[in-house]
Amino acid sequence: MVKPFVPQLVYFEPKAMGYPLGKTLYDKFSKMDVEIRETTSHNQVRNLPGDNDFQKYRVAKSTLVVGLRKTLKFDTSKPSAEYAIPFATGCMGHCHYCYLQTTMGSKPYIRTYVNTEEIFDAAEAYMAERAPEITRFEASCTSDIVGIDHLTHTLKDAIEYFGRSEHGLLRFVTKFAHIDHLLDADHQGRTRFRFSINADYVIKYFEPGTSRLKERLEAAAKIAEADYPLGFIIAPIYLHEGWREGYLTMLEHVAQVLPPKAKENLTFELIQHRFTKPAKKVIQKNYPMSKLELDESKRKTKWGRYGIWKYVYTDQEQEEMKELFLTTIPKLFPKAEVEYFT
Ligand code: SF4
């Protein structure tokens, strides 16, 4: 069982101490056996311990930087939401295929932002611009926010903030099961709580440092009992020997362990595995022993929105995946909605 994350090293931007959450976190880490350092900017953490890049990468993944979010211009977040809301960047998980491998580049440490009121104000402006249309905010575009929330409670505040909002909805996804502190948040049904799930093979070989499927599903059941709208993201859908049985077993397992209530308001999002050339380079450097299949010649190219080619599965393979999921999900979860396959 993966324990709730505790950083080995924490950096503070001096300005973070001017915010209540900054002070709370400083007091919290001062009482724990955690080394605290100062940094002028969360973008410029240097001198992380470690003799080589491999070690530094691992130290960075267990380093937390407490700072301010300066850019309050939100990125778009299609297809799951209108905007990405930035409460944190980085993750302590070690999923080999993770999209953060490339987006975080040389800064794989975890950053949490304490100027949450300013982030909420920015969200308010985005909502006002689109009102009376509903605006959906995705809180896990740049991190697995649940994985650090037992320390910060930022997400809990956000859930309650959107619970009070008229035109906003919140959503996020996690591979962590440490959700108990979120059960009593006053969400008003305006947050969709999603868990990322996968076949045993994928979790076993490619998702070290995250909660196991059994734990994620136990957490999902609790979330549904707490009346949150629930969702599952099956990502990345990864072709491997026995993949059909693997995903079928996973879906049957989910159907078996979820309480009936959890199946009332349930969504699925389906995302096939993809990679880019820069991602491949980073993955091979950080996880040299990984079994992750990254052979461009077996894939089809797709132009990505960041101006770079992505390697996805061939049309026929995509059809086979869709067929499996789009026939099995309605059978096992008749009331669920499949939001998209991409
Ligand atoms: Fe990346 Fe999510 Fe894994 Fe964290 S849990 S390493 S964000 S894929």
**OP:** Under a cut-off of 17 Å between alpha-carbon atoms, report the aspartates and glutamates in cross-link reach of LYS56, not counting same-chain residues fewer than 8 places apart.
**Re:** GLU35
**OP:** Grab the other residues whose beta carbon is less than 11 angstrom from that of LYS277, score K and R as +1, D and E as -1, and report the net.
**Re:** +2
Original post:
Excluding same-chain residues fewer than 8 positions from LYS214, which aspartates and glutamates have a Cα within less than 19 Å of its Cα?
Top reply: ASP144, ASP180, ASP200, GLU225, GLU245, GLU252
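Counting Lys +1, Arg +1, Asp -1, Glu -1, what net charge surrounds VAL257 among other residues with beta carbon under 14 Å of its beta carbon? Each step should come with its number before you reach the end.
Details: positive: ARG212, LYS214, ARG216, LYS222, LYS261, LYS263; negative: GLU215, GLU218, GLU225, GLU252.
Residues near VAL257 contribute +2 overall.
Only counting other Cβ atoms within 10 Å, I'd like LYS156, LYS3 sorted with the fewest neighbours first.
So the ranking, lowest neighbour count to highest, is LYS3, LYS156.
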Original post:
Which one of ASN286, ASN115, ASN47 has the biggest mean-square fluctuation once the chain is modelled by GNM with Cα springs under 10 Å?
Top reply: ASN47
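At most 14 other Cβ atoms within 10 Å and a DSSP loop assignment: could you name the trypsin sites (Lys or Arg not before Pro) in the stretch 1-95 that fit?
On the way: sites: LYS15, LYS23, LYS28, LYS31, ARG37, ARG46, LYS56, ARG58, LYS61, ARG69, LYS70, LYS73; in loops: ARG46, LYS61, ARG69, LYS70, LYS73.
Those that pass, being in a loop and sparsely packed, are ARG46, LYS70, LYS73.
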Original post:
Going by how many other beta carbons lie within 10 Å of each one, how would you line up HIS94, HIS178, fewest first?
Top reply: HIS94, HIS178
**OP:** Note down the nm distance, to one decimal, between modelled labels 7 Å out along Cα→Cβ at TRP303 and at ARG164.
**Re:** 4.5
**OP:** Would you order TRP309, TRP243, TRP303 from fewest to most other beta-carbon atoms within 10 Å of each residue's own beta-carbon?
**Re:** TRP303, TRP309, TRP243
Original post:
Among the DSSP beta bridges whose two residues both lie in the chain, what percent are antiparallel, rounded to the nearest 5?
Top reply: 20
Subject >> Rel. contact order, % - alpha carbon contacts under 8 angstrom, at least six apart, the stretch 241-342 >> reply: 43
**OP:** In nm, give the distance between the simple-model label positions of ARG46 and GLU245, each being 7 Å from the Cα along the Cα-to-Cβ direction.
**Re:** 5.5
Subject >> For the chain, Cys with no neighbouring Cys Cβ under 4.7 Å >> reply: CYS91, CYS141
Original post:
Under a GNM of the chain (C-alpha, springs under 10 Å), which listed residue has the highest mean-square fluctuation: GLN44, GLN272, GLN188?
Top reply: GLN44
Original post:
Taking K and R as +1 and D and E as -1, what net charge do the other residues with C-beta under 14 Å from the C-beta of LYS78 add up to?
Top reply: -2
Original post:
Amide H to amide H, which residues 5 or more places from VAL65 or on other chains are under 5 Å from it, using H placed in the peptide plane?
Top reply: TYR11, ILE110, ARG111, THR112
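A short reminder: the numbers here are calculations on the coordinates, not readings from a lab. On a predicted model such as this, the values are computed, not experimentally measured, just so you know. No Cβ is skipped: glycine too gets one built from the backbone with ideal geometry, and neighbour counts run over all protein chains shown.
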